[in-house]
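**Student:** Sharing a structure, written as structure tokens. Questions coming.
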Amino acid sequence: MVSVFGSVYNESAFVHRPEKTVTDYLEQAGGPKKEADRRNMFLLRADGSVVPNKGGWFGGGQLASLTPLPGDSIVVPEDLYRTTLTKDLKDWTQIFYQFGLGAAAIQVIRN
């Protein structure tokens, strides 16, 4: 079996096939979700060693063309630093609000 975990559409364990690559197993799991951290995914070998993804993803990375061994796991972490425009605007609005509130408080204290 080869397991695929993390930010993919179908976390599961698949029957090992010697001709399949990491890319094939990721496609079988539905592929990485949009919030997946594709650059930092890795292959966890059955013996406990880790093969990181060096040089990119699908086509550019070392990991894409590797053939997993029986018992290996492909881990696709979630991108924890991903942000949206709405969240950024909310954060900046809160900063300006707090700044204005502080300025108003200083003005009241002066008078």
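**Student:** Treating only the Cβ atoms of Lys and Arg (+1) and Asp and Glu (-1) as charged, compute the dipole magnitude of the chain about its Cα centre; round to the nearest 20 debye.
**Tutor:** Working: 12 positive and 12 negative charges, 78 e Å.
Approximately 380 debye in magnitude.
**Student:** Next question, about the same structure. Taking Cα atoms, how many degrees apart are the long axis of helix 85-110 and the longest axis of the chain, rounded to 10 and kept between 0 and 90?
**Tutor:** 20
**Student:** Could you sort 86-95, 23-32, 4-13 so that the peptide with the highest average Cβ count within 10 Å comes first and the rest follow in order?
**Tutor:** Listed from highest to lowest mean packing, they are 23-32, 4-13, 86-95.
**Student:** Give me the Å³ per residue figure for the convex hull around the C-alpha atoms of the chain.
**Tutor:** 134
**Student:** Under a cut-off of 24 Å between alpha-carbon atoms, report the lysines in cross-link reach of Lys87, not counting same-chain residues fewer than 8 places apart.
**Tutor:** Lys33, Lys34
Each value in this text was obtained by applying a stated rule to the coordinates, not by laboratory testing. Because the structure is a prediction, the values reported are computed rather than measured. Positions of Cβ are backbone-derived with ideal geometry, glycine not excepted, and every protein chain shown enters the neighbour counts.
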